[in-house]
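The values are calculated or read from the model by the stated rules, or taken from the named source; none is laboratory data. Quick caveat: nothing in here was measured; it's all calculated off a predicted structure. Here Cβ is always computed from backbone atoms with ideal geometry, including for glycine, and neighbour counts include all displayed protein chains.
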Amino acid sequence: MQADSCDLDDEHLLRALDRIRDVFAVFDDHNRLVYWNAHSERRSGYSAEELAGMRPEQLVADADLPTLRSYLRDVHQTGRSTVEVRLVTKNGETVPHELYSDLLTDADGSVIGRVVVGRDISERWVYERVLEHKSDRLQEFAEFVSHDIRTPLSVAAGWLDAYHETGTEAHYQRVVDAHERIEQVVDDLLGLTSFGGVIEDLEPVDVGNLAWAVWRSVPTGDAALEVDDTGTVMTDRALLRQVLENLFDNALHHAGPAVTVRVGPLDRGFFVEDDGPGYPDDEDRSVLEAGMSRSPEGTGLGLAIVDEIATMHGWSIDTTDGSRSGARIEFTEAR
(Lines give C-alpha, C1' and ligand atoms only; values in the text may rest on other atoms or scores of the structure.)
Protein backbone atom coordinates (compact mmCIF):
# COMPACT_ATOMS: atom_id res chain seq x y z
CA MET A 1 0.00 0.00 0.00
CA GLN A 2 1.29 3.46 -0.89
CA ALA A 3 0.14 6.70 0.73
CA ASP A 4 -1.24 9.25 -1.70
CA SER A 5 0.98 11.99 -0.30
CA CYS A 6 4.21 10.07 -0.92
CA ASP A 7 5.34 9.13 -4.40
CA LEU A 8 8.24 6.69 -3.93
CA ASP A 9 10.11 5.47 -6.98
CA ASP A 10 12.29 2.34 -7.07
CA GLU A 11 15.41 4.27 -6.12
CA HIS A 12 13.79 5.62 -2.95
CA LEU A 13 12.48 2.16 -1.99
CA LEU A 14 15.91 0.58 -2.42
CA ARG A 15 17.50 3.36 -0.40
CA ALA A 16 14.95 2.78 2.36
CA LEU A 17 15.76 -0.94 2.42
CA ASP A 18 19.47 -0.12 2.70
CA ARG A 19 18.79 1.91 5.84
CA ILE A 20 17.15 -0.89 7.85
CA ARG A 21 19.38 -2.84 10.23
CA ASP A 22 17.99 -6.24 9.33
CA VAL A 23 19.03 -8.60 6.59
CA PHE A 24 16.79 -8.18 3.54
CA ALA A 25 17.35 -10.50 0.60
CA VAL A 26 15.56 -11.85 -2.45
CA PHE A 27 16.21 -15.29 -3.94
CA ASP A 28 14.96 -16.27 -7.39
CA ASP A 29 12.99 -19.40 -8.23
CA HIS A 30 16.27 -21.34 -8.46
CA ASN A 31 17.15 -20.32 -4.88
CA ARG A 32 19.94 -17.98 -6.00
CA LEU A 33 20.54 -14.64 -4.31
CA VAL A 34 19.56 -11.82 -6.67
CA TYR A 35 19.06 -8.84 -4.34
CA TRP A 36 20.26 -7.84 -0.86
CA ASN A 37 20.37 -4.63 1.12
CA ALA A 38 23.47 -2.86 2.43
CA HIS A 39 23.13 -4.40 5.91
CA SER A 40 23.32 -7.89 4.41
CA GLU A 41 26.66 -7.01 2.87
CA ARG A 42 28.00 -5.52 6.10
CA ARG A 43 26.71 -8.40 8.21
CA SER A 44 28.06 -11.15 5.95
CA GLY A 45 31.42 -9.58 5.13
CA TYR A 46 31.05 -10.65 1.49
CA SER A 47 31.38 -8.24 -1.41
CA ALA A 48 28.55 -7.68 -3.86
CA GLU A 49 30.36 -9.80 -6.45
CA GLU A 50 30.69 -12.68 -3.96
CA LEU A 51 27.06 -12.54 -2.80
CA ALA A 52 25.57 -12.56 -6.28
CA GLY A 53 24.09 -15.96 -7.02
CA MET A 54 24.88 -17.51 -3.62
CA ARG A 55 22.49 -20.11 -2.25
CA PRO A 56 21.13 -20.01 1.33
CA GLU A 57 23.05 -23.20 2.22
CA GLN A 58 26.29 -21.27 1.67
CA LEU A 59 25.33 -18.69 4.28
CA VAL A 60 24.13 -20.97 7.11
CA ALA A 61 26.14 -23.00 9.64
CA ASP A 62 26.54 -26.66 8.65
CA ALA A 63 24.85 -27.84 11.86
CA ASP A 64 21.74 -25.82 10.96
CA LEU A 65 21.40 -27.09 7.37
CA PRO A 66 18.72 -29.73 8.22
CA THR A 67 16.70 -27.00 9.93
CA LEU A 68 17.18 -24.70 6.93
CA ARG A 69 16.01 -27.34 4.43
CA SER A 70 12.91 -28.10 6.47
CA TYR A 71 12.20 -24.38 6.67
CA LEU A 72 12.55 -23.95 2.89
CA ARG A 73 10.10 -26.80 2.33
CA ASP A 74 7.63 -25.11 4.67
CA VAL A 75 7.95 -21.86 2.75
CA HIS A 76 7.12 -23.52 -0.57
CA GLN A 77 4.26 -25.53 0.93
CA THR A 78 2.62 -22.81 3.01
CA GLY A 79 3.89 -19.62 1.35
CA ARG A 80 5.69 -18.33 4.44
CA SER A 81 7.65 -19.56 7.44
CA THR A 82 9.97 -18.49 10.28
CA VAL A 83 13.11 -20.17 11.58
CA GLU A 84 16.13 -19.55 13.83
CA VAL A 85 19.52 -20.44 12.33
CA ARG A 86 23.10 -19.26 12.56
CA LEU A 87 24.33 -17.26 9.59
CA VAL A 88 28.04 -17.62 8.85
CA THR A 89 30.08 -14.57 7.88
CA LYS A 90 32.98 -14.62 5.45
CA ASN A 91 35.47 -14.75 8.34
CA GLY A 92 33.72 -17.75 9.90
CA GLU A 93 31.77 -15.97 12.66
CA THR A 94 28.35 -17.49 13.38
CA VAL A 95 25.55 -15.07 14.23
CA PRO A 96 22.10 -16.36 15.25
CA HIS A 97 19.27 -14.86 13.19
CA GLU A 98 15.53 -15.27 13.05
CA LEU A 99 14.55 -15.55 9.38
CA TYR A 100 11.11 -14.80 7.95
CA SER A 101 10.37 -15.81 4.37
CA ASP A 102 7.49 -15.15 2.02
CA LEU A 103 7.04 -16.36 -1.54
CA LEU A 104 7.14 -13.83 -4.39
CA THR A 105 4.67 -14.31 -7.23
CA ASP A 106 4.06 -12.56 -10.53
CA ALA A 107 0.76 -11.13 -11.73
CA ASP A 108 -0.42 -14.60 -12.74
CA GLY A 109 0.34 -16.08 -9.32
CA SER A 110 3.37 -18.05 -10.46
CA VAL A 111 6.21 -18.28 -7.94
CA ILE A 112 9.18 -16.25 -9.09
CA GLY A 113 11.26 -16.23 -5.91
CA ARG A 114 11.34 -15.70 -2.18
CA VAL A 115 11.94 -12.69 0.02
CA VAL A 116 13.81 -13.13 3.31
CA VAL A 117 14.05 -10.81 6.30
CA GLY A 118 16.56 -11.74 9.01
CA ARG A 119 17.03 -10.23 12.45
CA ASP A 120 20.11 -10.69 14.66
CA ILE A 121 18.93 -12.47 17.85
CA SER A 122 22.34 -12.89 19.53
CA GLU A 123 21.25 -11.13 22.72
CA ARG A 124 18.11 -13.25 22.93
CA TRP A 125 20.11 -16.46 22.48
CA VAL A 126 22.50 -15.44 25.26
CA TYR A 127 19.58 -14.54 27.55
CA GLU A 128 17.82 -17.84 26.84
CA ARG A 129 20.98 -19.78 27.61
CA VAL A 130 21.50 -17.83 30.82
CA LEU A 131 17.94 -18.71 31.87
CA GLU A 132 18.48 -22.34 30.93
CA HIS A 133 21.70 -22.39 32.92
CA LYS A 134 19.99 -20.78 35.92
CA SER A 135 17.18 -23.33 35.75
CA ASP A 136 19.69 -26.18 35.80
CA ARG A 137 21.52 -24.58 38.72
CA LEU A 138 18.30 -24.10 40.70
CA GLN A 139 17.53 -27.79 40.31
CA GLU A 140 21.06 -28.60 41.39
CA PHE A 141 20.77 -26.32 44.42
CA ALA A 142 17.42 -27.82 45.41
CA GLU A 143 18.90 -31.32 45.43
CA PHE A 144 21.99 -30.10 47.28
CA VAL A 145 20.03 -28.21 49.95
CA SER A 146 17.64 -31.11 50.54
CA HIS A 147 20.63 -33.24 51.54
CA ASP A 148 23.30 -30.95 52.95
CA ILE A 149 21.02 -28.83 55.13
CA ARG A 150 18.46 -31.45 56.09
CA THR A 151 21.20 -33.80 57.33
CA PRO A 152 22.80 -31.43 59.88
CA LEU A 153 19.32 -30.32 60.94
CA SER A 154 18.46 -33.93 61.75
CA VAL A 155 21.78 -34.32 63.56
CA ALA A 156 21.13 -31.17 65.57
CA ALA A 157 17.64 -32.32 66.51
CA GLY A 158 18.97 -35.70 67.71
CA TRP A 159 21.74 -34.23 69.83
CA LEU A 160 19.38 -31.59 71.23
CA ASP A 161 17.06 -34.36 72.49
CA ALA A 162 20.08 -36.10 74.01
CA TYR A 163 21.14 -32.87 75.70
CA HIS A 164 17.66 -32.36 77.18
CA GLU A 165 17.73 -35.89 78.55
CA THR A 166 21.25 -35.87 79.97
CA GLY A 167 22.36 -32.26 80.26
CA THR A 168 25.74 -33.33 78.90
CA GLU A 169 27.68 -30.36 77.58
CA ALA A 170 29.28 -32.43 74.81
CA HIS A 171 25.82 -33.15 73.39
CA TYR A 172 25.05 -29.43 73.31
CA GLN A 173 28.36 -28.78 71.49
CA ARG A 174 27.28 -31.26 68.80
CA VAL A 175 24.16 -29.11 68.26
CA VAL A 176 26.33 -26.01 67.94
CA ASP A 177 28.61 -27.79 65.45
CA ALA A 178 25.64 -28.85 63.31
CA HIS A 179 24.30 -25.31 63.17
CA GLU A 180 27.73 -23.95 62.24
CA ARG A 181 27.79 -26.45 59.40
CA ILE A 182 24.39 -25.19 58.21
CA GLU A 183 25.62 -21.59 58.38
CA GLN A 184 28.67 -22.48 56.30
CA VAL A 185 26.53 -24.17 53.65
CA VAL A 186 24.11 -21.22 53.49
CA ASP A 187 26.96 -18.70 53.16
CA ASP A 188 28.51 -20.67 50.30
CA LEU A 189 25.17 -21.08 48.57
CA LEU A 190 24.53 -17.34 48.79
CA GLY A 191 27.96 -16.75 47.28
CA LEU A 192 27.23 -19.11 44.42
CA THR A 193 23.73 -17.82 43.65
CA SER A 194 24.84 -14.16 43.82
CA PHE A 195 26.61 -14.62 40.50
CA GLY A 196 24.50 -14.48 37.41
CA GLY A 197 24.37 -13.81 33.73
CA VAL A 198 27.17 -12.89 31.40
CA ILE A 199 29.86 -10.40 32.42
CA GLU A 200 29.93 -7.32 30.23
CA ASP A 201 32.45 -4.99 31.92
CA LEU A 202 35.81 -6.70 31.57
CA GLU A 203 39.25 -5.23 32.17
CA PRO A 204 42.80 -6.54 31.65
CA VAL A 205 44.04 -7.96 34.97
CA ASP A 206 47.54 -9.25 35.70
CA VAL A 207 46.88 -12.72 37.12
CA GLY A 208 50.24 -12.97 38.87
CA ASN A 209 49.94 -9.65 40.70
CA LEU A 210 46.42 -10.46 41.81
CA ALA A 211 47.52 -13.94 42.96
CA TRP A 212 50.13 -12.43 45.27
CA ALA A 213 47.60 -9.91 46.62
CA VAL A 214 45.09 -12.70 47.35
CA TRP A 215 47.75 -14.93 48.93
CA ARG A 216 48.80 -12.17 51.34
CA SER A 217 45.19 -11.60 52.39
CA VAL A 218 44.29 -15.19 53.38
CA PRO A 219 45.72 -17.37 56.18
CA THR A 220 48.24 -19.67 54.47
CA GLY A 221 50.47 -20.77 57.37
CA ASP A 222 53.49 -22.73 56.12
CA ALA A 223 52.17 -22.97 52.55
CA ALA A 224 54.14 -21.41 49.70
CA LEU A 225 53.11 -19.66 46.50
CA GLU A 226 55.04 -19.67 43.22
CA VAL A 227 53.96 -17.33 40.43
CA ASP A 228 55.27 -17.46 36.89
CA ASP A 229 54.92 -14.62 34.40
CA THR A 230 51.21 -15.16 33.75
CA GLY A 231 50.39 -11.99 31.84
CA THR A 232 46.88 -10.55 31.76
CA VAL A 233 43.37 -11.86 31.12
CA MET A 234 40.19 -9.96 30.37
CA THR A 235 38.12 -10.42 33.50
CA ASP A 236 36.07 -8.95 36.32
CA ARG A 237 38.75 -8.34 38.98
CA ALA A 238 36.51 -9.12 41.97
CA LEU A 239 35.34 -12.40 40.45
CA LEU A 240 38.87 -13.48 39.53
CA ARG A 241 39.90 -12.71 43.10
CA GLN A 242 37.11 -15.02 44.29
CA VAL A 243 38.41 -17.75 41.96
CA LEU A 244 41.94 -17.50 43.35
CA GLU A 245 40.75 -17.39 46.97
CA ASN A 246 38.69 -20.54 46.49
CA LEU A 247 41.50 -22.39 44.72
CA PHE A 248 44.05 -21.46 47.38
CA ASP A 249 41.64 -22.50 50.13
CA ASN A 250 40.94 -25.77 48.31
CA ALA A 251 44.67 -26.54 48.07
CA LEU A 252 45.20 -25.86 51.77
CA HIS A 253 42.28 -28.11 52.75
CA HIS A 254 43.16 -31.05 50.50
CA ALA A 255 46.94 -30.91 50.11
CA GLY A 256 47.88 -29.89 53.65
CA PRO A 257 49.27 -26.82 55.42
CA ALA A 258 52.73 -27.15 53.82
CA VAL A 259 51.45 -27.26 50.25
CA THR A 260 53.14 -25.32 47.46
CA VAL A 261 50.71 -23.64 45.07
CA ARG A 262 51.84 -22.52 41.64
CA VAL A 263 50.12 -20.06 39.28
CA GLY A 264 51.34 -20.12 35.70
CA PRO A 265 50.54 -19.10 32.13
CA LEU A 266 48.72 -20.95 29.34
CA ASP A 267 48.06 -19.94 25.77
CA ARG A 268 45.08 -17.55 26.23
CA GLY A 269 44.78 -18.35 29.94
CA PHE A 270 46.38 -19.52 33.16
CA PHE A 271 46.52 -22.47 35.56
CA VAL A 272 46.61 -23.03 39.31
CA GLU A 273 48.20 -26.24 40.62
CA ASP A 274 49.53 -27.70 43.85
CA ASP A 275 51.99 -30.43 44.87
CA GLY A 276 49.45 -32.37 46.93
CA PRO A 277 48.06 -35.88 46.36
CA GLY A 278 46.09 -34.86 43.26
CA TYR A 279 42.69 -36.19 42.26
CA PRO A 280 41.58 -39.74 43.06
CA ASP A 281 41.43 -42.00 40.00
CA ASP A 282 37.62 -41.86 39.86
CA GLU A 283 37.46 -38.05 39.92
CA ASP A 284 37.75 -35.63 37.03
CA ARG A 285 35.47 -32.71 36.29
CA SER A 286 33.05 -34.00 38.96
CA VAL A 287 35.11 -32.11 41.55
CA LEU A 288 33.60 -28.91 40.10
CA GLU A 289 30.04 -29.99 40.81
CA ALA A 290 28.11 -28.55 43.75
CA GLY A 291 28.30 -30.82 46.78
CA MET A 292 31.48 -32.63 45.70
CA SER A 293 34.04 -32.48 48.50
CA ARG A 294 36.81 -34.80 49.63
CA SER A 295 36.99 -33.04 52.99
CA PRO A 296 34.42 -33.68 55.75
CA GLU A 297 34.68 -29.99 56.70
CA GLY A 298 34.02 -28.76 53.15
CA THR A 299 30.67 -27.84 51.65
CA GLY A 300 31.63 -28.88 48.15
CA LEU A 301 30.75 -25.42 46.82
CA GLY A 302 34.17 -23.78 46.56
CA LEU A 303 35.07 -25.28 43.18
CA ALA A 304 31.45 -25.06 41.99
CA ILE A 305 31.76 -21.29 42.46
CA VAL A 306 35.01 -21.35 40.46
CA ASP A 307 33.26 -23.25 37.67
CA GLU A 308 30.33 -20.81 37.71
CA ILE A 309 32.62 -17.77 37.40
CA ALA A 310 34.55 -19.38 34.54
CA THR A 311 31.25 -20.05 32.75
CA MET A 312 30.21 -16.43 33.20
CA HIS A 313 33.46 -15.32 31.54
CA GLY A 314 33.02 -17.76 28.67
CA TRP A 315 36.23 -19.56 29.71
CA SER A 316 36.81 -23.27 29.35
CA ILE A 317 37.92 -24.95 32.58
CA ASP A 318 39.71 -28.29 32.82
CA THR A 319 40.97 -30.40 35.71
CA THR A 320 44.17 -32.38 35.19
CA ASP A 321 47.30 -33.60 36.96
CA GLY A 322 49.82 -30.96 37.97
CA SER A 323 53.48 -30.91 36.97
CA ARG A 324 54.35 -32.16 40.49
CA SER A 325 51.67 -34.87 40.60
CA GLY A 326 49.21 -32.64 42.41
CA ALA A 327 45.89 -31.20 41.26
CA ARG A 328 45.75 -28.63 38.47
CA ILE A 329 42.91 -26.49 37.10
CA GLU A 330 43.32 -24.73 33.76
CA PHE A 331 41.39 -21.71 32.50
CA THR A 332 41.33 -20.78 28.81
CA GLU A 333 39.74 -17.72 27.24
CA ALA A 334 37.56 -18.18 24.17
CA ARG A 335 39.16 -17.20 20.87
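If you check Glu98, Glu50, Glu143, Glu84 for being modelled with pLDDT of 90 or more, over 26 Å from Gly314 (Cβ atoms) and of a type in the set (Asp, Glu), only one passes: Glu50. Tell me which residues, restricted to the stretch 205-224, are over 22 Å from Ile305 (Cα atoms) and touching a helix residue (DSSP H, G or I) at 6+ places or on another chain (Cβ under 7 Å). Ala223, the sole residue that qualifies. Selection within the stretch 101-111: residues that are part of a loop (DSSP other than H, G, I, E, B) and not hydrophobic (A, V, I, L, M, F, W, C). The member of this set that is nearest to Gly45 (Cα to Cα) is Asp106.
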